[in-house]
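Participant: I have a structure here, written as structure tokens, and I will follow up with some questions on it.
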Amino acid sequence: MEKIEKIIQIAKKRGFVFPNSEIYGGLSGTYDFGPIGFLLKKKIIDFWREFFIKSEDNIFEIESSLIMPEKVFEASSHLKGFIDPITKCKKCKNVFRADHLIEDSTKMFVEGMSPEELTRIIRERNIRCPKCGGELEDVKVFNLMFQMNVGALGDTKGYLRPETAQGIFVNFKNVLVSTRAKLPFGIAQIGKSFRNEISPRQWLIRLREFTQAEIEFFINPEEKTFEKLKDYENVKIRILSREAQKESKKEEEMTVREALEKGIIPSEYMAYFIAKEQLFYESLGVPKEAIRFRHMLPEETPHYSKGNVDMEILFDFGWKEVVGNAYRSDYDLKKHAEYSKTDLSYVVDDGRKIIPHVVEPSFGIERTIYAILLYSFIEDKERGWDWFKFAPKIAPISVAVFPLLNKEEMINKSLEIYKSLRKEFDAIFDKSGSIGKRYARSDEIGIPLAITIDHQTLEDNTVTIRDRDTTKQERVKIEKLIDRLKDLLKLENY
Ligand code: GAP
């Protein structure tokens, strides 16, 4: 069985990820998180918040509505431009992404081509329905936003937001006034986004409902230097340049400063976030070689952008974007100012009004979870079971408590310890099955430490702590247990 199939199986069996509404046959492109998956996701988000927001003094987090009025998306161009090309089989009526179909069967790069051009390629190359071999219809465009009718009369059109970013732009003025923030400053948001993807696929990779963590970092375009970059400019990253992509070459290692000097990263502010992204994913267990930053080709880059650099991770099926970095310039604020007739300018020190520029790192949380599961999964023949080597700060459960035997005295002592630990850690208590089986179950959900209460505990108030990664055990006094666990887990160590 492929590694990823094993992971998906364990994820279902052990309560990480379930298909949405499975008892009714599910709904493709949507998943539910179970008790363990919920905790994993929560801890990844908590860590993201620590690393990207709480460590900064000028990034403000908000939570905006998921439903937004039509005007927002007229202004942002999503109504007109947030589209994918589709084609339908005349025989079996299945619908496909036309660009993916062409790319899969011809290896041509067709990003940004018009429906007419895509139709011409389909005809010239005689591309047929991959399901039944039938003839395909002409290519049309399909808007990816979920539309809804708001109110009892249903006469107000709304949309589920396709990115959390728009909730930030429409609140720019409110945040600016309420915080009296000074440029440069960021507004962040973590939450659900919705896209009616034509062919959801690859488990948590292409979803119709997913979680984004985004920062819109507002800057004065005249101030090109970002002091804080000094702390990160020597971070090494692997860059896939435009030239390398054209010549099918590999990525090259360089520092973020070098990538800036070569003009691959368009701004010091973006370089700062890129360096932090590299450190963030490495500290979550994604190896250096599996992370690269791809300079997007001109034909993929929006006309208003001063440069986009995607952070990609090597998955079992190939490289895929997990974080989008975009220099969105003043495009969004200008458009919202125009459509809402609201002044969205910022007054700089000399009294001039400017429209700030925006640098945006945009993270996909489900893709992050996929990458973490993939790279934390240890297929362990020696141990006899497979397990997850989660970094302790994101391990769903930190500590397991096991009575060695099913004896009243041992169980009572274990419950007493378990209760005291629950105040400090996410902990579980498990008394069923052999101790070996319980270690296996706890490894399988990546619990870093397991405590066993045995005969000796009843005599001298000591317990054993078993380390998930080495399986080594140490004995500690119960009164020192919490401190020792904190030491071993290093949860505060961001
Ligand atoms: N505000 C910019 C923006 O939304 P994007 O590249 O479309 O940019 C950012 O999305 C990130 O959101 C992606 O890098 C990816 O991790 C995640 N994402 C986008 N579409 C997704 C989908 N259909 N399913 C899961 N994650 C998705």
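The values are calculated or read from the model by the stated rules, or taken from the named source; none is laboratory data. As the structure is a prediction and not an experimental result, all values here were calculated from the model. As a convention, Cβ positions derive from the backbone with ideal geometry for all residues, glycine included, and neighbour counts pool all protein chains shown. To get the accessible areas, we keep the full protein, side chains included, count just its heavy atoms, and leave off ligands, DNA and RNA. Shrake-Rupley method; radii C 1.70, N 1.55, O 1.52, S 1.80 Å.
Participant: How much length, in nm to one decimal, is gained on full extension between ASN406 and GLN245, taken as 0.36 nm per residue of separation minus their Cα-Cα distance? Write out the running numbers ahead of the final one.
Facilitator: Numbers: separation 161, 0.36 × 161 = 57.96 nm, distance 6.13 nm.
Separation in residues times 0.36 nm, less the Cα-Cα distance, equals 51.8 nm.
Participant: Exceeding 24 Å between C-alpha atoms, which entries from my cross-link table qualify? They are LYS131/LYS250; LYS6/LYS246; LYS236/LYS472; LYS230/LYS353; LYS393/LYS419.
Facilitator: Pairs exceeding 24 Å: LYS131/LYS250; LYS6/LYS246; LYS236/LYS472; LYS230/LYS353.
Participant: Additional query: Output the relative contact order of the chain, whole-number percent, from Cα pairs under 8 angstrom with separation of 6+ residues.
Facilitator: Values: 883 pairs, mean separation 61.3, N = 494.
Computed over the chain, the figure is 12 percent.
Participant: Further, regarding this structure: From the P(r) of the range 128-174, can you give the percent of Cα pairs sitting at distances over 11 Å?
Facilitator: Details: 849 of 1081 pairs.
Cα-Cα pairs of the range 128-174 separated by over 11 Å account for 79 percent.
Participant: A further question on this structure: List the aspartates and glutamates whose alpha-carbon lies under 16 Å from that of LYS389, not counting same-chain residues fewer than 8 positions away?
Facilitator: In chain and number order, the partners are GLU282, GLU379, ASP380, ASP443, GLU444, ASP467, ASP469.
Participant: Per q in 0.09, 0.10, 0.16, 0.17 1/Å, what log10 I(q)/I(0) does a Debye calculation on the alpha-carbon atoms of the range 162-302 return?
Facilitator: With no solvent term, the Cα-only Debye profile gives -0.36, -0.44, -1.13, -1.23.
Participant: Something else: Would you work out the relative contact order for the range 1-143, in percent, from Cα pairs under 8 angstrom that are 6 or more residues apart? Please report the intermediate quantities before stating the final value.
Facilitator: Working: 135 pairs, mean separation 25.6, N = 143.
Relative contact order, the range 1-143: 18 percent.
Participant: Report, in listed order, any pair from LYS3/LYS93; LYS71/LYS341; LYS288/LYS320; LYS71/LYS334; LYS306/LYS334 with a Cα-Cα distance greater than 23 Å.
Facilitator: Pairs exceeding the cut-off: LYS3/LYS93.
Participant: Also, quick follow-up: Just to be sure I follow: if Rg is taken over the C-alpha atoms of the range 305-397 and Rh is the Kirkwood radius over the same atoms, what is Rg/Rh?
Facilitator: Values: Rg = 21.5 Å, Rh = 17.2 Å.
Taking Rh as the inverse mean 1/r over Cα pairs, Rg/Rh reads 1.25.
Participant: Follow-up. Please report the carbon-and-sulfur percent of the accessible area for the chain; probe 1.4 Å, protein heavy atoms only, DNA, RNA and ligands left out. List each step's numbers first, then the result.
Facilitator: On the way: 11530 of 23650 Å².
Carbon with sulfur: 49 percent of the solvent-accessible area.
Participant: Apply the Karplus parameterisation 6.51 cos²θ - 1.76 cosθ + 1.60, with θ equal to phi minus 60°, to every residue of the range 403-411 and state each ³J(HN,Hα) to the nearest whole Hz, in sequence, with x for glycine and proline.
Facilitator: These are the phi-based 3J(HN,Hα) values: x, 4, 10, 7, 10, 3, 4, 5, 5 Hz.
Participant: Mind checking the range 64-130 for chymotrypsin sites (Phe, Trp or Tyr not before Pro) that DSSP puts in a loop (not H, G, I, E or B) and that have at most 15 other Cβ atoms within 10 Å?
Facilitator: Values: sites: PHE73, PHE82, PHE96, PHE109; in loops: PHE82, PHE109.
Sites meeting the loop and neighbour criteria: PHE109.
Participant: Right, here's the next one. For the range 287-332, report the accessible area per residue in Å² (1.4 Å probe, heavy atoms, rounded to an integer).
Facilitator: Details: 1630 Å² over 46 residues.
It amounts to 35 Å² per residue over the range 287-332.
Participant: Determine Rg/Rh for the range 364-494; Rg is computed over alpha-carbon atoms and Rh is the Kirkwood hydrodynamic estimate from the same atoms.
Facilitator: Details: Rg = 14.9 Å, Rh = 15.2 Å.
Taking Rh as the inverse mean 1/r over Cα pairs, Rg/Rh reads 0.98.
Participant: Also, quick follow-up: Can you pick out the pairs among LYS107/LYS335; LYS437/LYS477; LYS41/LYS431 whose Cα atoms lie more than 30 Å from each other?
Facilitator: Values: LYS107/LYS335 37 Å; LYS437/LYS477 25 Å; LYS41/LYS431 27 Å.
Checking Cα-Cα distances, LYS107/LYS335 exceed 30 Å.
Participant: Under 15 Å from the Cβ of HIS455, count the other residues' Cβ atoms, weight Lys and Arg +1, Asp and Glu -1, and hand me the total. The partial results should precede the final answer.
Facilitator: Numbers: positive: LYS407, LYS413, ARG475; negative: GLU408, GLU409, ASP454, GLU459, ASP460.
Neighbour charge sum, excluding HIS455 itself: -2.
Participant: Another question about this same structure. In sequence order, what are the phi-derived ³J(HN,Hα) couplings for the range 295-300 according to the Karplus relation 6.51 cos²θ - 1.76 cosθ + 1.60 with θ = phi - 60°, rounded to whole Hz, with x for glycine and proline?
Facilitator: So the J values, rounded to whole Hz, are 6, 5, 5, x, 5, 9.
Participant: Can you give the alpha-carbon Rg of the range 374-423 over 2.2 N^0.38 Å, where N counts its residues?
Facilitator: In units of the 2.2 N^0.38 Å rule of thumb, it is 1.53.
Participant: Would you calculate the separation in nanometres between label points at GLU135 and LYS381, each defined as 7 Å from the Cα along the Cα-to-beta-carbon direction?
Facilitator: Reported label-point gap for GLU135 and LYS381 is 5.5 nm.
Participant: Let me ask another. Against the globular-protein guess of 2.2 N^0.38 Å, express the Cα radius of gyration of the range 233-340 as a ratio, rounded to two decimals.
Facilitator: Working: Rg = 14.6 Å, N = 108, 2.2 N^0.38 = 13.0 Å.
Dividing the Cα radius of gyration by 2.2 N^0.38 Å gives 1.12.
Participant: Grab every C-alpha pair in the range 1-122, bin the distances at 10 angstrom width from 0 up to the longest one, and report whole percents.
Facilitator: In whole percents, the pair-distance histogram is 10, 19, 25, 34, 12, 1.
Participant: What are the residues whose amide H is under 5 Å from the amide H of GLU61, where those residues sit 5 or more places off or on another chain and H is modelled from the backbone?
Facilitator: Hits under the 5 Å cutoff: ALA188.
Participant: Can you tell me the FRET efficiency between GLN473 and LEU297 if r is taken as the Cβ-Cβ distance and R0 is 51 Å, rounded to the nearest 0.05? Intermediate results must be reported in sequence, preceding the final value.
Facilitator: Values: r = 54 Å, r/R0 = 1.06.
It comes out at approximately 0.40.
Participant: Where in the range 143-183 does the amide nitrogen come within less than 14 Å of the point 7 Å from the Cα of GLU74, taken along Cα to Cβ?
Facilitator: Backbone N within reach: 156-159.
Participant: What full-extension length gain, to one decimal in nm, is calculated for LYS389 and TRP319 as 0.36 nm per residue of separation minus the Cα-Cα distance? Intermediate values should be presented prior to the final figure.
Facilitator: Working: separation 70, 0.36 × 70 = 25.20 nm, distance 2.22 nm.
Using 0.36 nm per residue and subtracting the Cα-Cα distance, I get 23.0 nm.
Participant: Sticking with this structure for a sec: Scan around ILE86 for amide H atoms under 5 Å from its own, H built in the peptide plane at 1.01 Å from N, and keep only partners 5 or more places away or cross-chain.
Facilitator: ALA98, LYS140, VAL141, PHE142
Participant: Something else about it: Hand me the trypsin sites (Lys or Arg not before Pro) from the range 107-211 located in a DSSP loop with no more than 11 other Cβ atoms within 10 Å, in residue order please.
Facilitator: Numbers: sites: LYS107, ARG120, ARG123, ARG125, ARG128, LYS131, LYS140, LYS157, LYS173, ARG180, LYS182, LYS192, ARG195, ARG201, ARG206, ARG208; in loops: LYS107, ARG125, ARG128, LYS131, ARG180, LYS182, ARG195, ARG208.
Hits after loop and neighbour filter: LYS107, ARG180.
Participant: Here's a follow-up. Please identify the cysteines of the chain that lack any partner cysteine with a Cβ under 4.7 Å from their own Cβ.
Facilitator: none
Participant: Where does the Debye-calculated log10 I(q)/I(0) of the range 281-338 sit at q = 0.13, 0.21, 0.24 Å⁻¹, using only Cα point scatterers of equal weight, no solvent?
Facilitator: Reported log10 I(q)/I(0), two decimals: -0.45, -0.82, -0.93.
Participant: Turning to a different aspect of this structure: Roll a 1.4 Å probe over the protein chains and send me the accessible area per residue for the range 373-492 in Å².
Facilitator: Values: 5960 Å² over 120 residues.
I get 50 Å² per residue for the range 373-492.
Participant: Please sort 357-368, 464-475 by packing, taking for each peptide the average over its residues of neighbouring beta carbons within 10 angstrom, highest first. Intermediate values should be presented prior to the final figure.
Facilitator: On the way: 357-368: 23.2, 464-475: 13.8.
The densest-packed peptide leads the list: 357-368, 464-475.
Participant: Report, in degrees rounded to the nearest 10, the 0 to 90 angle that the Cα long axis of helix 115-124 makes with the longest principal axis of the chain.
Facilitator: Helix 115-124 and the main axis of the chain meet at about 80 degrees.
Participant: If you project the alpha carbons of the chain onto the principal axes, what extent comes out on each, in Å, largest first?
Facilitator: 78, 66, 57
Participant: Treat every Asp and Glu Cβ in the chain as -1 and every Lys and Arg Cβ as +1, leave all other atoms uncharged, and give the resulting dipole magnitude about the Cα centre to the nearest 20 debye. Walk me through the numbers before you get to the answer.
Facilitator: Values: 80 positive and 81 negative charges, 222 e Å.
About 1060 debye.
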